[in-house]
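Before any comments, here is the structure.
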Amino acid sequence: MNKSKSNKIKPRRTAFKITLIYFLVSIVWIISSDQLLSLMVTNTNLSTIFASVKGTVFIILTSILIYFLVFRNLDSIKESEERFFKAFSTNPIAIILTEEDGRIIDANKSYLELTGFEKDEIIGASSTQLGITSEKVRSILIEEFKEKGEIKDLEAEINIKSGETRTVLITTESMPIEGKKRNINYLYDITERKKAVNKLESSLNEKEALLREVHHRVKNNLQIISSLLNLQSNYVEDDFKDILLVTQSRIRSMALIHSKMYNSNDLTHIHIKNYIDNFVSDLFYLYGVDKTIITLNTDIEDLEMGIDTAIPLGLIINELMINILKHAFPNNQRGNILIILKTIDDKFILKISDNGVGLPENIISDYSENLGLQLVNNLVAQIEGSLEISAINGTEFQIKFKELIYKKRM
């Protein structure tokens, strides 16, 4: 327990103060009294009598002075000890005073209430002898104290008289009390708080498991829809087959997001590089692209992105890649596709380019003629981004956007 500066007793300073006062008073008394006697008394016998009286008076005065100073400091010490023991007795935190070997000297009311023991049952015994702390806990406490010279908020289990186990934070420090070195031990009961934390963690784990299951089921349902579209495409004409294929790829892009979320430790973010690589590879497979004819290169930062941004971004990449695969390289023309995703300052920059035949000017200037580009434009607006299209040496789509801040849903 720390003492305030105003009440802290400083023995060396106090002793020096008393000695200095005594020394100064003695010098002044001796010099002044000798000078006075030499002036007033010439008779030798009378001078001897006065010298004796002077010595007696000096002893009486210094004795009174010493008594006053010692009384004052002892009274201050007593007041500090009374304040200490009052704080010790009424403290809501369980406290025990122990010898250096662990034997209990005193315990406050809170400690007795915590452990269920009476004071006469614990005085002179150690916590280990009483069964309050186990040998294992005792060893940990001793090791901690030896290493650091104190124990600070060490969590431990104790056994109380009723047989119940309680969780406490133990703080121990050494301090002189009544002239002897003692250990003062604070035990803060955190049992109920620990139970509340465990209950909260259990609840969070249950919610995480439920959310993971939701992602899993959404992914499965989307995959079923994708499979149904694939089956349906076998029974429709080519024009409708292409529509079903595009729709299927859109569904697969969303299904892959939920698959990544289900298998991730973080249920709110995904590694976007891994997602884009897998997703584009699926697109090449879905459209039967020969990778020896069309080469794909990527430069994607390995960063995490929230699901609110990742889903529209995946759909944007889906539409642009479909547009390239369907129109950029007619008649098995060889070509290259480049996907870049970088962060600059607080923005993402997505570039998807090809060296194919390029987009007609009327489509670049008017998205309404192309459903895919209409959807891209709407999705770019959804992620609060901007879209630029260049048709020099092929086509380049550049999208600048920020990650959406998750908005709590009611």
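Sorting 204-215, 347-358, 313-324 by average packing, meaning the other beta carbons within 10 Å per residue, from highest down gives 313-324, 347-358, 204-215.
Which entries in the list 241/347; 146/180; 291/342; 152/207; 291/347 go over 28 Å, if you measure between the two C-alpha atoms of each?
Cα-Cα > 28 Å for 241/347; 152/207; 291/347; rest within.
Around the Cα centre of the stretch 194-267, unit charges on the Cβ atoms of Lys, Arg, Asp and Glu (plus for the first two, minus for the last two) sum to a dipole of about 580 debye.
Extending 7 Å from the Cα toward the beta-carbon at both residue 264 and residue 400 defines two label points whose distance is 2.6 nm.
Among 292-298, 179-185, the peptide with the highest mean count of other Cβ atoms within 10 Å heads the list, and the full ranking is 179-185, 292-298. Over all pairs of different C-alpha atoms, the stretch 232-334 has a mean inverse distance whose reciprocal, the Kirkwood radius, equals 14.8 Å. Derived from the Cα gyration tensor, the three semi-axes of the equivalent ellipsoid of the stretch 194-267 are 39, 9, 6 Å, largest first. Relative to one another, the C-alpha centroids of the stretch 205-251 and the stretch 269-335 are positioned 18 Å apart.
Between residue 175 and residue 61, what FRET efficiency follows from the Cβ-Cβ distance if R0 is 30 Å, with the result rounded to 0.05? Rounded to the nearest 0.05, the efficiency is 0.20. Across the options 276, 254, 196, the greatest Cα extent toward the positive end of the charge dipole of the stretch 168-295 (unit charges at beta carbon of Lys, Arg, Asp, Glu) belongs to 196.
Sorting check: for 225-235, 241-251, which peptide has the highest mean count of neighbouring beta carbons within 10 Å, and how do the rest follow?
Working: 225-235: 13.7, 241-251: 17.5.
Averaged packing, sorted descending, gives the order 241-251, 225-235.
Under the rule a/c < 1.5 gives rounded, and otherwise a/b versus b/c splits prolate from oblate, where does the stretch 94-189 land using the Cα gyration tensor?
Working: a/c = 1.64, a/b = 1.16, b/c = 1.42.
Oblate shape, in that a/c is at least 1.5 and b/c is the bigger or equal ratio.
Put a plus charge on the Cβ of each Lys and Arg, a minus charge on the Cβ of each Asp and Glu, and nothing anywhere else: the dipole of the stretch 170-299 about its Cα centre is then about 800 debye. The residue 31 and residue 143 beta-carbon pair, evaluated with R₀ = 51 Å, returns a calculated FRET efficiency of approximately 0.25.
Using R0 = 35 Å, the C-beta based FRET efficiency linking residue 384 and residue 242 works out to 0.65.
Every number in this text was worked out from the coordinates using simple rules, so none of it is lab data. The model shown is predicted, which means the values in this text are computed figures rather than measured ones. So basically every Cβ, Gly included, is an ideal-geometry build from the backbone, and we count neighbours across all protein chains shown.
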